[in-house]
Amino acid sequence: TGLTSFEIPDNSIIFAGAVFSDCTNLHKINFGKNVKIIEHNAFTNCTNLDTIELPDNLEKMESAVFKDCSNLVNITFGSKITSIGGSLFTGCSRLSAIYVIEEHKNVLIECFKEAKLDKYVDKIKTME
């Protein structure tokens, strides 16, 4: 599609799976502050996404949400994430930084380990 950006409204709680799958021109997503769950494959193959700031209230990300987002460089997690699905960053070869607040770093690391995403743990950095 020709869609290049999208704003998810504040009244959205669950972001449905595969909604933006294969939107190769999409480069920016603004998440509503109340999104708590992002379902499977929501942004699979969105090859122009490069930076993602997830909403602070996000609690769960299902599997393969950012699969094959080949230009994704960094992502920022909020402080309420407690569950991450596997294959979250498969094919994200440029991913260099995963940001989180200091107080939530250990929780995020455990989420990554539970999802068998250990190879990304060294990319987790704390925000100032």
- request: Can you tell me which residue among 44, 90 is assigned to a loop (DSSP other than H, G, I, E, B), among the hydroxyl-bearing types (Ser, Thr, Tyr) and within 11 Å of the chain's Cα centre (by Cα)?
  value: 44
Residue check, residue 128 free of Cβ contacts under 8 Å to residues at least 12 places away in the same chain and either part of a loop (DSSP other than H, G, I, E, B) or closer than 21 Å to residue 16 by Cβ (or both): yes
field: Answer residue from region 85-125, given it is without any contact (Cβ under 8 Å) to a residue 24 or more places away in the chain and of a type in the set (A, V, I, L, M) and is surrounded by the fewest Cβ atoms within 10 Å (Cβ to Cβ) among those
entry: 121
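We did not get these values from a lab; they are worked out from the coordinates using the rules stated. Please read these numbers as outputs of a predicted model, since none were measured by experiment. Here the Cβ is made from the backbone with ideal geometry for all residues, glycine too, and neighbour counts use every protein chain on show.
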